[in-house]
Structure formats: structure tokens, C-alpha cells
1. Might you let me know whether the stretch 294-303 holds any residue that is among the acidic types (Asp, Glu) and surrounded by 23 or more Cβ atoms within 10 Å (Cβ to Cβ)?
2. At pLDDT 95 or above and surrounded by 17 or more Cβ atoms within 10 Å (Cβ to Cβ), is that true of Gly500?
3. State which residue is nearest to the ligand (Cβ to nearest atom) when the search covers only the stretch 192-202 and only residues that are in contact (Cβ under 8 Å) with a residue 40 or more places away in the chain and within 19 Å of Ala84 (Cβ to Cβ).
4. Is at least one residue of the stretch 179-189 under 26 Å from Glu237 (Cβ atoms), assigned by TED's automatic domain parsing to the domain that holds Asp90 and open to solvent by 10 Å² or more (accessible area, probe 1.4 Å)?
5. Under the condition of being polar (S, T, N, Q) and in contact with a strand residue (DSSP E or B) (Cβ under 8 Å, 6 or more places away or on another chain), which residue from the stretch 294-336 is farthest from the ligand (Cβ to nearest atom)?
6. Among the residues of the stretch 54-85, how many are open to solvent by 20 Å² or more (accessible area, probe 1.4 Å) and under 19 Å from Ala44 (Cβ atoms)?
7. Residues that are over 23 Å from His497 (Cα atoms) and in the same structural domain as Gly204 (by TED's automatic domain parsing): which helices (runs of 4 or more DSSP H) entirely in the stretch 257-342 hold 3 or more of them?
8. Going by the conditions given, is Thr507 open to solvent by less than 10 Å² (accessible area, probe 1.4 Å), under 24 Å from the mean Cα position of the chain (by Cα) and at negative phi?
Amino acid sequence: MATLNITPSSASTVLSTPFVNEAFVDFTDAGNKRAMEEALATVANSLGREYDIIIGGKHLQTAKKIVSTNPARPEQVIGIHQHAGVEHVDEAVKAAQAAFATWSKTPVEQRVDLLFRAADVIRERKFELCAWLTYEVGKNWAESDADVAETIDFLEFYGREALRIQQVQPPIQFPGERNQLRYIPLGVGAVIPPWNFPFAIMAGMTAAAIVCGNTVVLKPSVDSPTIASKFMEIMEEIGLPDGVINLCQGEGPEFGSALVAHPQTRFIAFTGSKAVGLDIHERAAKTQPGQIFIKRTILEMGGKDAILVEPDSDLDAAVEGVVLSAFGFNGQKCSACSRAIVNESIYDAFCDKLVARVARIKTGDPVENVYTGPVISERSYRKVLDYLKIGKEEGRLLIGGDAIETESGGYYIAPTVIADVAPTARIVLEEIFGPVLAIIKSRSFDESLAIANNTEYGLTGAVYTTSREKLTRAAEEFHVGNLYFNRKCTGAMVGAHPFGGFNMSGTDSKAGGPDYLLLFTQAKSVAEKLGTVSE
Ligand code: NAD
């Protein structure tokens, strides 16, 4: 194992510095704009490089490759990655197990220092990392910056949280005993992130796991492998011991599923679609020969998020909130608003204002910082186009409704709004994960709440109203993990909005909240009879 090159620990003083979210970059500032343009130009010169998979600190090459391309220009190769197959699973888990023996005993302050130092490096390289995200997944500059800022927030927040929870907890002291409760790591985990927040969710789940003393096999999405390799480069650069993170770029149904099933995989931290989350849940529940524990799953899944617009609301603010929530990053956020539920008395006015606002959205190459770019892949493009066909039959197309053809062959789809949709229509119930908004007319607040709750998901939601009574009712009755009042339903901030959903949106793990790290630990109670050992 490599030695951990830790500076004198800043960890003990850090708790006295309150956590503050990383500030977003103001790209209207000429200096920041120039810095981003320069970063895009520099990264353009590094596109197409090969990256290794890394198991137990060893860099490995394979015959088969995973090729990451730019969704705005599918011909442009972002990175070529070695391909971890089923044959690598056991090796990766064993490497993680070997590292666990030391890493789990490494003082928490050192583990925390590693996270803080990673955050520092990411801060220094912010524009470059934003540029990688813009090329690899088609985020505009602000969306890339939000992803990088959230990554820094997770590292800073979980570092502080680890210090807090690793202090021995004083439980009730039973008379005649000294009682302690301490949180210890679980073992080897599988970290399986999605492509849509390919930096923040990938690094966030990994950081949460390792700061608690676990070691992991990290399997990023095949649609966003390069940013994960960049993260791993940073972790190696700052002295991550071998085997603590084993980076295996592999396919979900092949490598991912075999990793979940491995008898030594103690826990699975997954974020992605409902179908895959449920598959992992089932697979993890099956006890394998040689398995001596019950696997823990932390599963964050899809959404079909709604915004309720009431007659007493500020209509312009509601329109803006719906547009930003529905079309930011093309609706490719689990928190994206895909349903606007609007009271009949303001329905027509809302639709008119919304269409006028959506008509002003510009779609184009994210490198040029256009508001909406392409969807992630050809597969996603085809899926969204299929839903547009269904949507046109299920409602009245107000705007959009088609692909946008470009010379670059990017996967562009026009921001689409479909009105007069029944609460039970497919485009109202199924997650599309693209720039498609359904508008549903409602006769009352009761009906709006009923429609909002009538999906199998329960991730985010918002209500626009000036009525305290309605907000109080929504807080009680709108069944979602992240509820917002008089603001958009996307953009959860680490610390302020612990994130996770109900029902088929997942296990409600509340990433970025005070309970999250406990999911990566098990609590050990130690009771000693007083007076039995001379001190
Ligand atoms: P996905 O489910 O297709 O893939 C997620 C990850 O699982 C990828 O790394 C993939 O390779 C892997 N995978 C695929 N099949 C697997 C299998 N059989 N076994 C093990 N691993 C497997 O999701 P995606 O397209 O990458 O991401 C979009 C989805 O993620 C949307 O549904 C979105 O709502 C959801 N999401 C949820 C949250 C949240 O916090 N709830 C956040 C972001 C995204």
C-alpha cells in the first residue's frame, strides 16, 4: 500500500469552520469567461486519450475499450477507457478487501484530510474540470460548474460529518457501567453512479464510503467515464492508498451486476434508474455461497416531479420556476419538473406565458455556452423521440415536439411542452428524462395534490402559492422527499437540502444530509462493568 502523504491534520480545526457551499462561478465576469474559454481550448487538446482501469493501485489495460464521445458531436472522442469485464470483479473486490485492513484502521482525521485536499485540488482546477463535463455530457457552463461545486461540497461536507460521527457517542450510561456507541465501517462497497451528475454523484458516493473507512470498487457510467478517471487522477496525485478506490470502467449489466452479486460486496451505493435500482435490490438480496452478511443497498432512483401552480401565485415567477426546472440540462435531472399541474382559472394564461418563455430558450453546442444542449446518447435520443410521438397523441403540442437536426449530428431535441394531458397519461406517469413537460389542468388544490401524488415516484416537487394554508397542507400531503415552495424543484444544495426520494424514487438516503454517512457504517455498542480493570 502506498504511504498516505498527509500534511499535519487540519481536520481537528475544521469543525470550528462552518460548512459553506462552494460559490458558483459568474460567467458574465469577463475574467471567468476567458478562463472557461481557455480551459475548453486546453481540454480540446487532450481529448481522445486512453485511460486505465485501476485495481489495487495497478494500472491495467484491456483489449476491449469503452469509448466516450461528445453528445453534441458524436464523432468527437472524449476518452478511450479500458474495459473491466466480469473477469475483473473478483480481483477488484479482493484488492479492496486487502486495502480495507489498513484503511479501516487509518485515523479518521487522515481520511478526512484526503477529502479536503481533493476538494482543494478540484477548486484549483475548476475550469478545466468544468470543460471536461461540457465535452463529455453536454452541460452548459453553469451546469458544469454546479456539478463541480457540488463535488467540492460533498467532499467538504462529508469530511466534517465523518469527524462528527466518528467521535464516540455517549449513549445513556447504565448504572455501574461505562457505555459507548461507535460507528465502524462496513467493508467493501460497490459504487455505481449515473452519467447525469457524473462528477458530483460519482465522487460524492465514493467519498462518503471511504471517509467512513470502507474501500470501494467504483464503476462509473459508460456515458461519463472520463470525468471519473480525472477524479481518480486527482485522488492518486494526493496520495490515496492503493486499493481504497478501485476504478473499473465497465458495463452495468455485465460488470455492475456481477459486482453486486459478489459474496464479499458488503454494500452497494447506487444512483440511477428505477429498473436498474430494483434489479440491484433483488440481486443484492440473494445470499451467495460464502457470504456472511446481509448486503446493504443505498438506492437513489428516478423521478416524475411536479410543480403545482395556484391562482394566488406570482404567475411570472411560477413560469420561470417551471421552465428552469423542466429544461435546465434538458430535463436530464432526477429532480427535473416533468409535470406542471395548473389550476383551471389561470391555465390559459400560464400556458401562453410558458410558451413565450420556452420559445426564448436557445439550444446548441454547450461548448458555446448555449442554454440547452444535446441529450446524452443516441439511445436516450431515440427514447425521448418515442415519447414525443406518444405525447402528441396524449395531449396538445404547444411548442417543440421534434429533433433538431445539425451538421454535427448532435442528439438535439427541441424543448417540448404538451398541454391538456390526462393525469393518467403515459407521459405523466413514466420518467422520460429529456426536455419534455406535460401540463395538466386541475380544478382545485385537492385535485392538484392528488394528481401530484398519483405516480409511483416521490422525489421532488414544488408549489407556487401565496397561501400559507396551502403550503401547510402541501408540507403534510405532497409525498416527496424534497419539497420546495415558491421556487424551482431542481438545484438541491448540499447541507441545506438533504436529497433523496420516496417510493420508487429510492431508499431516501438523503445525500448531503446529516444521516447520510450512517448508511456507510454499522454501530457498535461497547459496555464495560466499572471497577473491573485497574486504570
Ligand atoms: P442507469 O440506471 O441506466 O445507470 C446507472 C448506473 O447503473 C450506471 O453506472 C450503469 O452502468 C449501471 N448499471 C446499469 N445496469 C446495471 C445492472 N444491471 N447492474 C448494476 N449496475 C448497472 O441510469 P442513468 O441513465 O445512468 O441515469 C439516469 C437515471 O438516474 C434517471 O432515472 C434519474 O432519475 C436517476 N437519477 C437519480 C438521482 C437521485 O438522486 N434519485 C440522481 C441522478 C440520477
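1. The answer is yes; a qualifying residue exists.
2. yes
3. Per the stated criteria, the residue is Pro194.
4. Going through the stretch 179-189, the residues under 26 Å from Glu237 (Cβ atoms) turn out to be 185, 188-189.
Then drop every residue that is not assigned by TED's automatic domain parsing to the domain that holds Asp90, which leaves 185, 188-189.
Add one more test, that the residue is open to solvent by 10 Å² or more (accessible area, probe 1.4 Å), and what stays is 185.
Within the stretch 179-189 (the criterion being under 26 Å from Glu237 (Cβ atoms), assigned by TED's automatic domain parsing to the domain that holds Asp90 and open to solvent by 10 Å² or more (accessible area, probe 1.4 Å)), the answer is yes, since at least one residue qualifies.
5. Among those that are polar (S, T, N, Q) and in contact with a strand residue (DSSP E or B) (Cβ under 8 Å, 6 or more places away or on another chain), it is Ser313.
6. 8
7. 257-261, 274-285
8. Spelling it out, it is not the case that Thr507 is open to solvent by less than 10 Å² (accessible area, probe 1.4 Å), under 24 Å from the mean Cα position of the chain (by Cα) and at negative phi.
The values are calculated or read from the model by the stated rules, or taken from the named source; none is laboratory data. Just so it is clear, the structure is predicted and the values come from calculations on it, not from any experiment. Every residue, glycine as well, gets a Cβ built from its backbone with ideal geometry; the counts of neighbours run over all protein chains shown. The area values use the complete protein model at the heavy-atom level, side chains included, leaving out ligands, DNA and RNA. Shrake-Rupley method; radii C 1.70, N 1.55, O 1.52, S 1.80 Å.
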